[in-house]
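What follows draws every value from the coordinates through simple rules; no lab data is involved. Fair warning: this is a prediction, and the values are worked out from it, not measured in the lab. Heads up, the Cβs are rebuilt from the backbone with ideal geometry, glycines too, and the neighbour counts pull from every protein chain shown.
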Amino acid sequence: MFKKSLIALTIGTMFSPVYSQTVEQTMNVNAYSLVGVQDAWARGFTGKGQIIGILDTGVDLKNKDLGSKVVSASGLYSGIYADDVRGHGTYMASIAAGAKNNVGIIGVAYDANIISYKAGLGQNIYENGVQKGLIYLADRSAGAINMSFGTSIQSYNFNNYYTDLGNGVYKSKFGNDAYRTMNTTLPYMAYATQKGSILVMAAGNDGNPVPAAPANFVTLTGGDGKLILGGRALVVGAVNDLGQIAPWSNKAGSICNQMVNGVCKDTYKISDFYILAPGASISASQSGSIQAVDRVSGTSPATAVVSGGVALLKQAWPTLKPEQIVQLLTTTANKNIPGYDPKIYGQGIMDLNKATMPQGTLALSSKTSMAQSSTQLTTGMSTGALGALTTASIMNNAQFVDNYGRNYALDMSKVMSNNLTNFNQNFTYMGLSTAPANYGGFKAGSISYEFSQSYDGFATRQKLDTKFGWIGVEAGSVTERNGVLGSQGAGAFNPGTAATSFYGVSAGYNLQDQTELYGGMSFGKTNAKASADGLISGYSNIQTMSYHMGYKTSLNFVNKDVLDFKFTVLPFVTSGYATVSATTGYTYTEDSDGNTSATPINTTDNVSLKTSYRQMATTMSYSAPLRLFAKDDRAIISFSTIFDNQGSKSVTPMAYVGYQARF
């Protein structure tokens, strides 16, 4: 059915001398670092479960770095001719997916499997072999098909074949040069992309301003104006470990496909699909019985690096469509290149660190699919007395989705922080209010009445003087309009609203004239209402308590001045729970066409809010009588510091200047 082509395609690799190497961990460290491979590994992405198609000179099936990973192999000529005797295909396979086994090198996607198709004989690759190989690999669900080959026009001859139209666009003078061949292969390339494969193609090693064929087919459109390859293809140029483009790498210029009245009318440019990867002196496993490592250079090894990157992304998010992976790699590529010009560098250097991080706005996962709900992650949460939520399993497994439809679980220790800054020195529970409070009181005989009033609540205390000091009772209520027990947030972490009623008892003991020890405890009951669309969907009744102790004395700077040292344990939960509802994972299903869909696993849990976590405050205040408007009015200045029992370094100092009046 296929006739062997008489055109041998140039293999896009240049070789350095062979040397032996046994410490695989040292191989390609700088090259991989340049494109964020280690960052992707650290996030658990190794290519596991993925298939990379190697369309090349075959793969050495006896290679210890690769043999066990090759799940299928064939070639233009059957039988023993599926094996690699030249070594180029073995090099590419090891860079893309070499095993992590202390032999040879570690490939970018070291847990991925390989399907190999040998598209020629010896060092030659034939066009009809490429065509058969595309069908073979696509039919076996290769997520990426590595095409480290291409046609060639020597750079000194390029201007004899192409006219520079300006702005990185060139026009073929004859239409049948080496960069315009392989047109009969285009339908097979389209077949592979329609089956779900991403074609990862070498730009070529001629040092020309445009990529060779078949890579330059990436912008071809059909009669409907749509890309024939559907945006499911990448063109790869080469840089060294310093991120400098190799002089021999073909650049990201375009070959015009549609000229109208002397003007190029192409919708797409090759630079839209062109990225760079390390391709200078890349370590690769050698074919043959000696398990040695070569250094190879060219856009071929750069292409293999990108094929491995595709496998990492596909493992991480199997629901991503091929065109989404292409878009993700191009839009996240590093453009921080001196003299960056898209006509040369395309979209920049592949960056797997950025590509595996959320893109756009994170939102809570829909509970019916892996898609964004209407609830965005606008802020985290300052948890106040709800600190138990930071360690709840359901919170730490709650799924958020980015603009690409990719799921992420968040580190709640970074998203949710224990922080309460609105401490009220007079009535602790009033610190739940964000509104300023007025404080006052009066005394009738041996009974004192104190009160505090704000927009959000009130508190009152009655004190009875005794022979040894005093005893007191307090009560009040406070409404939180944007939080629950000091916890505040928005979007997914909006805790809701709350109304708290509280009461307490306290007492003081006179050590000597104008010097006393005092202390007390308060108890609260909170009715909280969850927001409509946050992670927290409801609450039980919540019981809390707080206690304090202090020491007062007079400095006698002025008559009846008071220096007050106070230690307070802020309100903490003694019983109660929050109902948290979230998508905590997915099950995946693959259809006959290789498309993967995700079904959310939705979880609801009652998270106990009782915790050993405590927030505390120390306060030092000084007050002196004014006698301006009342029998006993005072000016007060105080300093407070908030800390916790977990050694938190985020200490919150506060200063307060106020006025008290007793009539």
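Tabulated results
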quantity: Over region 377-503: Kirkwood hydrodynamic radius from C-alpha pairwise inverse distances, Å; calculated: 16.9
quantity: Most to least packed among 590-603, 34-47, 359-372 [average Cβ atoms within 10 Å]; calculated: 34-47, 359-372, 590-603
quantity: Pairwise label distance in nanometres, T641 with A532, each label 7 Å out on the Cα-Cβ vector; calculated: 4.5
quantity: F174-M357 FRET efficiency (beta carbon distance; Förster radius 51 Å; 0.05 resolution); calculated: 0.65
quantity: Potential lengthening between T553 and T479 on full extension [0.36 nm per residue; Cα-Cα distance subtracted]; calculated: 23.2 nm
quantity: Cα Rg, Dmax (largest Cα-Cα span) when computed across region 64-207, Å; calculated: 17.1, 52
quantity: Ordering of 316-325, 382-391 by burial proxy (mean other Cβ atoms within 10 Å per residue, highest first); calculated: 382-391, 316-325
quantity: Stretchable slack from N160 to T26, in nm (0.36 nm times residue separation minus alpha-carbon distance); calculated: 43.8 nm
quantity: Computed magnitude of the charge dipole of region 284-394 (debye, nearest 20; Cβ of K, R +1, Cβ of D, E -1); calculated: 140
quantity: Positive-pole candidate from L485, T515, T378, dipole of the chain, charges at beta carbon; calculated: T515
quantity: C-alpha center-to-center spacing [region 319-364, region 385-419] in angstrom; calculated: 25
quantity: Förster radius 41 Å - calculated FRET efficiency between T497 and I471, Cβ distance, rounded to 0.05; calculated: 0.75
quantity: The chain: angle of helix 88-97 to the longest principal axis, Cα-based, in degrees nearest 10; calculated: 10
quantity: Fraction of antiparallel bridges per DSSP, region 150-287 only, in percent to nearest 5; calculated: 40
quantity: Projected area, mean over directions - region 131-208, Cα convex hull, nm²; calculated: 5.8
quantity: Between region 420-495 and region 208-256, the Cα center-to-center distance that results, in Å; calculated: 69
quantity: N334 long-range amide H proximity, modeled H, under 5 Å; calculated: I349, M350, D351
quantity: Contour excess over end-to-end distance, with Cα ends at T331 and K560 and 0.36 nm allotted per residue; calculated: 75.4 nm
quantity: Segments 343-350, 305-312, 444-451 sorted - mean Cβ within 10 Å per residue, highest first; calculated: 305-312, 343-350, 444-451
quantity: Point-to-point label distance, V260-Y455, nm (Cα→Cβ direction, 7 Å offset); calculated: 6.1
quantity: Kirkwood Rh in Å, taken over all unlike Cα pairs in region 506-621; calculated: 18.8
quantity: Simple Cβ-charge dipole of the chain, Lys/Arg +1 and Asp/Glu -1, about Cα centre, in debye nearest 20; calculated: 420
quantity: Charge dipole (the chain, unit charges on Cβ, about Cα centre) - positive-most of A409, P209, G476; calculated: G476
quantity: Viscosity 0.692 mPa s, temperature 37 °C, Stokes-Einstein D of region 339-393 from Kirkwood C-alpha radius, µm²/s; calculated: 214
quantity: Farthest positive-ward along the chain dipole, Cα basis, beta-carbon charges - from G89, N396, V562; calculated: V562
quantity: Inter-site label distance for D341 and N595 at 7 Å from Cα along Cβ, in nm; calculated: 4.2
quantity: Tail beyond 35 Å, pair distance distribution of the chain (Cα, percent); calculated: 55
quantity: Placed amide H near Y539: partners under 5 Å, 5+ positions off or other chain; calculated: A530, T579
quantity: Degrees between helix 127-139 axis and first principal axis of the chain (Cα, 0 to 90, nearest 10); calculated: 40
quantity: Cα shape, region 163-263, gyration tensor, a/c 1.5 rule; calculated: oblate
quantity: Helical contribution to [θ] at 222 nm, DSSP H n ≥ 4, -39,500 (n - 2.57), averaged over the chain, rounded to 500; calculated: -3500 deg cm²/dmol
